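Quick notes on the structure that follows.
The values are calculated or read from the model by the stated rules, or taken from the named source; none is laboratory data. Just so it is clear, the structure is predicted and the values come from calculations on it, not from any experiment. Neighbour counts run over all protein chains shown; Cβ positions are idealised from the backbone, glycine included. The protein model used for the area step is the full one, side chains on, heavy atoms only, and it has no ligands, DNA or RNA in it. Shrake-Rupley method; radii C 1.70, N 1.55, O 1.52, S 1.80 Å.
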Amino acid sequence: MKNKYLKGINANIFLLGIVSFLNDISSEMIIPILPMFITALGGNGLIVGLIGGLRDSISSILKVFAGYWSDKSGKRKVFVFSGYLISALFKLLLAFSKIWHHVLVFASLERIGKGLRTAPRDAIIAESLPKERGKGFGIHRAMDTLGAIIGSITVFLLFWFFGFNFKSIILIASILAFLSLIPLHFVKEKKRKQQEINLKIGLKTLPKSLKLFILISGIFAMANFSYMFFILKAQEFFPGKLSIGMPILLYVLFNIFYAGFAIPFGKLSDKMGRRKVIAFGYLLFSLTCLGFAFFNSLTAFIILFALYGIVYAIVDGNQRAYVSDLSSEELRATALGTFHTVTGLIALPASTMAGFLWQISSRIPFLCGAIISLISAVLLVFFGDCLKG
C-alpha cells in the first residue's frame, strides 16, 4: 500500500509536469516573439516594459487570493483547471491583435489564468513529495522548461523555414494550450476539509522567517525585470532577418540550460539548504546583468543567455520550495500565493522602470538589476540566522 501511495504521488507530479510541458510549448511559442510582436505593432521600450510588468502583476494579484480560496475550500484541482483554461482563451484572442493596445489587453489578461493556477498547483506538488520538495519542484520545473525548449525551437522553425507570421504562430500556440487541459483530468488531489479561516488571519499567522524571505525575494524581484529586455538587447546587435531569428535561438539556449540544471540544483538545495543555493543564484544574476550591460558579441550573448538559464534553474523552483518549507501545511497555498503576489506585484514597477531607463540607454536597466540583485544576495546571507533551512 505504501508503494502504491508513493506511486500515486509521483504520478501527480508527472501529470502536472505533462500539463506544464504542453502549456509551455504553447506559451514559449509566443514568449520569444512577444516583444518583437509589440514593436512590430508600434510599441516602444516603455510599452514593452509596461506589458511585461502587467503580465506578471495581474497574475500575482490573484495568486494570494487563489491560494487562500484553495486552502479555505480544501480544493486545488478546480483552480488549476480554470487557470489553464483562461490562459488558453486569451492566447486565442491575442492571435487577432491588430495594434499594440490589443496586445496590452489580451497578453495581460492571459496571465489571470496563471494567477488562479500557480499557488494551488504548487501546493499539490509540495504535498505530493513532502520529503524531497526541492526534487519535486525541480522535476516540475524541468518538464515545464523542456516544453519551453520545444516551443521556442518550434517558433524558430515556423518563422525561419516556413515563413509563418507572428499571428499565425500565436494561433497555433493557442490550440496547443487547449490540449494541455487533457492530462489534468487524471490528477488526484488530496482530500481536504474546508477551513474556517480568513485571509487577514492567514497572513498574520505566517511565520516571521517566511515573511523575511518574502521581503528579500521581493527586493530581488525589483532586479528581475521582464525577460523581454534581454531579447531586445540581443535584437539590437543582429541585422536583418537575424534580428528575429537569433534572439529566438538564444532564448532556446536559455531554456536548455534552465531545464538541464533545474533538477540538479533542486537536489542540491535538498542537501545543502535552500538559502545558500538561492543566494548563489541572486549573485549569479547580478554578474549576468553586468555581462548584458557591457558585452555585445555573438559569443557573449551565447554565454550570457546560458547563465540567464542557470539563474532561473537555481532560483525559480528553489524559492517555491523554500516558501513551502517555511510554511505550515494548513496555510501552504496561502503562503505560496503571498510569495507569488509580492514578487509579481513588484514586477510592474520593475519592468516599467526598466522600460523608462531603456529609452535613455539599453545598458542602464542591466546595471540597476546587477546592483539590486547583489543587495538581495547580501541580505539573504546576512539574515541567515533568522531563516530556517
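Within the stretch 223-310, considering only helices (runs of 4 or more DSSP H) that don't extend past its boundaries, which have at least 3 residues that are small (Gly, Ala, Ser)?
242-272, 274-294
Can you tell me which residues in the stretch 231-264 are β-branched (Val, Ile, Thr), closer than 30 Å to LYS135 by Cβ and in contact with a Ser or Thr (Cβ under 8 Å, 6 or more places away or on another chain)? Explain how you work it out, then say what you get.
First pass over the stretch 231-264, keeping only residues β-branched (Val, Ile, Thr): 231, 244, 248, 252, 256, 263.
Those still in the list that are closer than 30 Å to LYS135 by Cβ too: 252, 256, 263.
Across the stretch 231-264, the qualifying residue is only VAL252.
Scan the stretch 161-171 and give yes if some residue there is touching a Phe, Trp or Tyr at 6+ places or on another chain (Cβ under 8 Å) and hydroxyl-bearing (Ser, Thr, Tyr), otherwise no.
No: zero hits.
Would you confirm whether or not the stretch 93-100 contains a residue that is within 21 Å of the chain's Cα centre (by Cα), within 21 Å of ILE58 (Cβ to Cβ) and at pLDDT 95 or above?
Yes; the residues of the stretch 93-100 include at least one that is within 21 Å of the chain's Cα centre (by Cα), within 21 Å of ILE58 (Cβ to Cβ) and at pLDDT 95 or above.
Can you find a residue that is closer than 14 Å to LEU304 by Cβ and not hydrophobic (A, V, I, L, M, F, W, C) anywhere in the stretch 262-273?
no
For the condition part of a helix (DSSP H, G or I) and either modelled with pLDDT under 95 or open to solvent by 40 Å² or more (accessible area, probe 1.4 Å) (or both), what is the one hit in SER376, SER324?
Being part of a helix (DSSP H, G or I) and either modelled with pLDDT under 95 or open to solvent by 40 Å² or more (accessible area, probe 1.4 Å) (or both) holds for just one of SER376, SER324, which is SER324.
Would you mention how many residues in the stretch 136-155 are at pLDDT 90 or above and open to solvent by 30 Å² or more (accessible area, probe 1.4 Å)?
The total comes to 3.
Condition first: farther than 29 Å from ALA335 by Cα, of a type outside the set (Phe, Trp, Tyr), out of contact with any Ser or Thr (no Cβ under 6 Å at 6 or more places or on another chain) and open to solvent by less than 40 Å² (accessible area, probe 1.4 Å). Can you find one or more residues in the stretch 18-32 that meet it?
To start, the set of residues in the stretch 18-32 that are farther than 29 Å from ALA335 by Cα comprises 29-30, 32.
Subset that is of a type outside the set (Phe, Trp, Tyr): 29-30, 32.
With out of contact with any Ser or Thr (no Cβ under 6 Å at 6 or more places or on another chain) added as a condition, the list becomes 30.
Imposing the further condition that a residue be open to solvent by less than 40 Å² (accessible area, probe 1.4 Å) reduces the set to 30.
Yes.
Among ARG117, ARG133, ARG121, which is the only one that is within 30 Å of LYS271 (Cα to Cα), touching a Phe, Trp or Tyr at 6+ places or on another chain (Cβ under 7 Å), surrounded by 23 or more Cβ atoms within 10 Å (Cβ to Cβ) and in contact (Cβ under 8 Å) with a residue 24 or more places away in the chain? So that I can check it myself, show each step before the final result.
On the way: ARG133 fails: touching a Phe, Trp or Tyr at 6+ places or on another chain (Cβ under 7 Å); ARG121 fails: touching a Phe, Trp or Tyr at 6+ places or on another chain (Cβ under 7 Å).
Matching residue, one of ARG117, ARG133, ARG121: ARG117.
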